Amino acid sequence: MCCCRGCALLFGERDAGRYRRVPESFALLGDFALSDAQWDALDIPVGVAFFVSSTPEQKVLACYPGPAGVMRSALDLAAWTAIADANPIVRELSPDVEALLVNRTDGARDHYRVPIDRCYALTATLRSNWVGVSGGEPARRALGEFFAQLHPREA
């Protein structure tokens, strides 16, 4: 359903209905409103998750990276609807190819609009750096480096 830049150039516009190009841009959503209570209502067991609207499944998927790959979490529809109502940007994300990436680790409260391939790159980064039960220092360092690349630089 989605394609990289190479495939998009190869297929061009003729298969536009069949494939969706994965965007390249990302943005920190500085005014995104997500309280601790709203986050808790989502029942995500970790501090990093991404949310993507799935066309085949006709619903929003809540996913998080872990040592075994991408894990899916059941998403409470009422809790998600309240977040989406407070943040119209959620409904502007391109289905299947863009995600809301949430970082709530180490006191962070950051929200990003990212291409879906960034979410899978994060998962691969964590998997390759994971040590022990909790990920260990290598995974924490890799996570910090990943989000530092997404965060706008201070001038």
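Just so it is clear, none of the values below were taken in a lab; they were calculated from the coordinates. Since this is a predicted model, take the numbers as computed values, not measurements. Neighbour counts are summed over all protein chains in view; Cβ atoms, including those assigned to glycine, are modelled from backbone coordinates with ideal geometry.
Does the range 96-140 come out rounded, prolate or oblate, given a ≥ b ≥ c as the square roots of the eigenvalues of its C-alpha gyration tensor, rounded meaning a/c under 1.5 and, failing that, prolate meaning a/b above b/c? Provide the component values of the computation, followed by the final result.
Numbers: a/c = 3.63, a/b = 1.44, b/c = 2.51.
Note, shape of the range 96-140 comes out oblate.
The D31 and D106 beta-carbon pair, evaluated with R₀ = 25 Å, returns a calculated FRET efficiency of approximately 0.70.
Since only V97, A121, G30 are under comparison, the one whose Cα sits farthest along the positive direction of the charge dipole of the range 28-150, derived from C-beta charges on Lys, Arg, Asp and Glu, is A121.
Please check the chain for the longest run free of GluC sites (Glu not before Pro) that are loop-located per DSSP (anything but H, G, I, E, B) and have at most 11 other Cβ atoms within 10 Å.
Values: sites that count: E13, E24, E57, E154.
After excluding every exposed loop site, the longest remaining stretch is 58-153.
Summary value for the chain: 25 percent relative contact order, contacts being C-alpha pairs under 8 angstrom separated by 6+ residues. Membrane-span-like helices in the chain, defined purely by DSSP H runs whose alpha carbon atoms cover 15 Å or more axially and whose average Kyte-Doolittle hydropathy reaches -1.0, are 116-129, 136-150.
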